[in-house]
C-alpha cells in the first residue's frame with residue numbers, strides 16, 4: 001500500500017459568505033491510497049470552526065500513514081484518528097479502494113439502490129437586496145438554503161421569499177442567534193413558510209433549546225459530529241445534519257444515520273464547499289434523507305473530472321470513474 005496526499009484549491013463562483021466570514025476558494029486535501037496498481041481516493045475540507053487547518057490535517061494524516069500502508073482496514077482506522085477531516089479523507093479513500101479491488105460498486109457494498117436526489121442550493125449571506133436578486137436567479141430551484149447571521153436576517157428571508165415565492169426555504173444561522181432573536185423571529189418565519197432552521201445557537205448553548213418551543217424544525221449541525229454527539233442532541237433538536245468532514249468518513253456517517261433514525265431524529269445530509277469527490281460518499285448517505293444539501297459542485301467554477309451531473313434540479317448518481 002502507498003499513500004499520497006496533496007492539496008487542491010477550487011475556485012468558487014463569486015464568493016461564499018457565512019456569519020464567520022467569506023472565501024473565494026475551497027481548500028481541500030485529497031488522499032490517494034494505491035495497492036497493486038489500483039488507487040482509491042478521498043477528499044476532505046479542514047474547517048477552522050473545529051480547530052482544523054490544511055497544515056494540521058495533513059499532519060494528522062501523516063501520523064497514520066505507516067499503519068495505512070501496512071494494510072489496516074477501515075474499522076481499524078476508526079480509533080486511530082478522531083472524527084474530523086483527516087479520518088474522512090482516509091476512510092473514503094479506503095472505501096474507494098475496496099470497491100475497485102472487489103470490482104463491486106459502493107451501492108452493492110451498502111445494499112442500496114442509487115437514485116437521483118434534489119439538493120438544496122445555498123444563498124450566501126449578503127444584503128437583503130442582493131439575496132433577493134440571487135433568489136430570483138434561482139427561483140426555479142425547489143429548495144433554497146439561506147445563510148444568515150446578522151441584524152437584517154428577517155429582511156433577508158422576506159427578500160428571498162419575494163424572489164422565490166414557490167421554493168421551499170431552509171435557514172442556516174451558523175450559531176449566530178440568541179434566544180431573544182429566535183423568539184422574535186419564529187412567528188415571522190412561520191408566516192414566510194420556512195421549513196427548517198439549522199443551528200440557530202452556538203453548540204455550547206444547546207441547553208437554550210430545553211425551554212424553547214420548536215414550531216419550525218431545528219437541525220443540529222455544529223452540535224452533531226458523530227454518534228457520541230447524540231446524547232446531547234436527542235430531545236433538543238428535530239434533525240441532524242450529517243457531514244462526512246464531521247463524522248470522519250462514510251463508515252461513521254452510515255452508523256450515525258442508522259442510530260439517529262432509530263432515536264427518531266430526521267436526517268439532513270450536508271457538505272463543506274468542495275468538489276464532487278467529496279460529494280460522492282455523502283451522496284450514499286443522502287439516499288432516503290429528508291433534506292439533501294450537496295451543492296458543493298454547483299458553488300464552484302471548476303470541478304474535479306467526472307464530477308456530478310445535474311438535470312432538472314436533480315443530482316444524478318455519480319460515475320464509477322469519480323468514486324466508489
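What follows draws every value from the coordinates through simple rules; no lab data is involved. What you see is a predicted model; the values in this text were computed from it and never measured. All Cβ positions, glycine included, derive from the backbone under ideal geometry; neighbour counts span all protein chains shown.
Annotation: the antiparallel percentage among DSSP beta bridges lying fully within the chain is about 50.
May I ask you to derive the FRET efficiency for residue 316 and residue 39 from their Cβ-Cβ distance with R0 = 30 Å, giving the value to the nearest 0.05? Display every interim value, and only then the final one.
On the way: r = 24 Å, r/R0 = 0.80.
Rounded to the nearest 0.05, the efficiency is 0.80.
Across the stretch 127-186, C-alpha contacts under 8 Å between residues 6 or more apart give a mean separation that, scaled by the residue count, equals a relative contact order of 42 percent.
Given Cα positions, please report Rg to Rh for the chain, the hydrodynamic radius being the Kirkwood one.
Values: Rg = 19.2 Å, Rh = 20.0 Å.
Radius of gyration relative to Kirkwood radius: 0.96.
Only helices enter this figure: runs of n ≥ 4 DSSP H residues, each worth -39500 (n - 2.57), summed and divided by the residues of the chain, yield -10000 deg cm²/dmol at 222 nm to the nearest 500.
Pairing the Cα long axis of helix 276-286 with the longest principal axis of the chain, what angle in degrees results, from 0 to 90 and rounded to the nearest 10? For 276-286 against the chain, the angle is about 70 degrees.
Give me the percent of Cα-Cα pairs in the stretch 2-105 that sit more than 21 Å apart, rounded to a whole number. If you can, show how the numbers build up before the last one.
Numbers: 1982 of 5356 pairs.
When all Cα pairs of the stretch 2-105 are counted, 37 percent exceed 21 Å.
For the chain, the longest principal axis of the C-alpha atoms and the axis of helix 250-262 are separated by about 50°.
Order these peptides, 160-166, 241-247, 184-190, by their mean beta-carbon neighbour count within 10 angstrom, highest first.
Averaged packing, sorted descending, gives the order 241-247, 160-166, 184-190.
Relative to the longest principal axis of the Cα atoms of the chain, the long axis of helix 54-69 lies at roughly 30 degrees. Largest mean-square fluctuation among 167, 263, 139, in a Gaussian network model of the chain whose springs join Cα atoms under 10 Å apart, belongs to 263. Modelled label positions at residue 178 and residue 23, each set 7 Å beyond Cα in the direction of Cβ, lie 3.0 nm from each other.
Using C-alpha pairs below 8 Å separated by at least 6 residues, the relative contact order for the stretch 51-109 is 29 percent.
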